[in-house]
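S.K.: Right, I'll just put the structure down here and ask away after.
The values are calculated or read from the model by the stated rules, or taken from the named source; none is laboratory data. None of these values were measured; they are calculated from a predicted model. Heads up, the Cβs are rebuilt from the backbone with ideal geometry, glycines too, and the neighbour counts pull from every protein chain shown. Protein only, heavy atoms only, side chains kept; ligands, DNA and RNA dropped before computing areas. Shrake-Rupley method; radii C 1.70, N 1.55, O 1.52, S 1.80 Å.
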Amino acid sequence: QVQLVESGGGLVQPGGSLRLSCAASGFIFGTKKLGWYRQAPGKQRELVATITLGGTRNYVDSVKGRFTISRDNGQKKVYLQMDTLKPEDTAVYYCNVAISGEDYWGQGTQVTVSS
């Protein structure tokens with residue numbers, strides 16, 4: 001079955017960096033578009049970044065220039081490098097893949113940006 005396992009979250013000061021990882025299994029990784037979403041307390045889950053099988057990247061405006069999504073098809077992992085973090089980036093971050101019209105999610109990893 002499809003499994004997505006996120007890691008790399010934690011507590012970081014404003015201006016700091018974190019690198020999130022998502023290990024995937026149960027599907028043909030190299031053929032799927034992948035994404036990172038986040039959900040802050042009291043808010044809806046929002047799309048942060050996506051990367052296609054060809055490597056085309058898209059970002060929500062609020063993270064452009066600060067976050068970088070990447071993928072390693074051999075390792076079946078997708079990454080989110082987050083730099084110049086802000087308190088408003090605090091959220092649970094989820095890895096996502098859509099297969100045959102169904103969304104799959106990991107368990108999420110908490111990112112807290114605070115001094």
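S.K.: Determine which member of the set GLY15, GLY42 is surrounded by fewer than 14 Cβ atoms within 10 Å (Cβ to Cβ), at positive phi and touching a residue at least 60 places away in the same chain (Cβ under 8 Å).
M.R.: GLY15
S.K.: Further question on the same structure: Part of a strand (DSSP E or B) and open to solvent by 80 Å² or more (accessible area, probe 1.4 Å), is that true of ASN58?
M.R.: The answer is yes for ASN58.
S.K.: I'd like the residue in segment 1-12 that is of a type outside the set (Gly, Ala, Ser) and under 29 Å from GLU102 (Cα atoms) and, out of all such residues, is most open to solvent (accessible area, probe 1.4 Å).
M.R.: GLN1
S.K.: Follow-up question, since we're still on this one. Within segment 24-39, restricting attention to residues that are within 20 Å of ASN58 (Cα to Cα) and open to solvent by 30 Å² or more (accessible area, probe 1.4 Å), which residue is nearest to the chain's Cα centre (by Cα)?
M.R.: In this case the residue turns out to be TYR37.
S.K.: Here are the criteria: (1) within 19 Å of GLN1 (Cα to Cα); (2) touching a Leu at 6+ places or on another chain (Cβ under 6 Å). Tell me which single one ALA98 does not satisfy.
M.R.: ALA98 satisfies all of (1) within 19 Å of GLN1 (Cα to Cα); (2) touching a Leu at 6+ places or on another chain (Cβ under 6 Å) except (2).
S.K.: Here is a follow-up. If I go through segment 61-83 residue by residue, how many of them are in a loop (DSSP other than H, G, I, E, B), over 15 Å from LEU4 (Cβ atoms), open to solvent by 80 Å² or more (accessible area, probe 1.4 Å) and of a type in the set (D, E, K, R)?
M.R.: Within segment 61-83, residues that are in a loop (DSSP other than H, G, I, E, B), over 15 Å from LEU4 (Cβ atoms), open to solvent by 80 Å² or more (accessible area, probe 1.4 Å) and of a type in the set (D, E, K, R) number 1.
S.K.: Further question on the same structure: Could you tell me which numbered condition SER21 fails, if it satisfies all but one of (1) part of a strand (DSSP E or B); (2) modelled with pLDDT under 95?
M.R.: Looking at each condition in turn, SER21 falls short on (2).
S.K.: If VAL48 satisfies all but one of (1) touching a strand residue (DSSP E or B) at 6+ places or on another chain (Cβ under 7 Å); (2) without any contact (Cβ under 8 Å) to a residue 24 or more places away in the chain; (3) among the β-branched types (Val, Ile, Thr), what's the number of the condition it fails?
M.R.: In the conditions (1) touching a strand residue (DSSP E or B) at 6+ places or on another chain (Cβ under 7 Å); (2) without any contact (Cβ under 8 Å) to a residue 24 or more places away in the chain; (3) among the β-branched types (Val, Ile, Thr), VAL48 misses (2) alone.
S.K.: Given ASP83, ASP72, ASP103, which one is touching a residue at least 60 places away in the same chain (Cβ under 8 Å) and among the acidic types (Asp, Glu)?
M.R.: After ruling out the rest, the residue left standing is ASP83.
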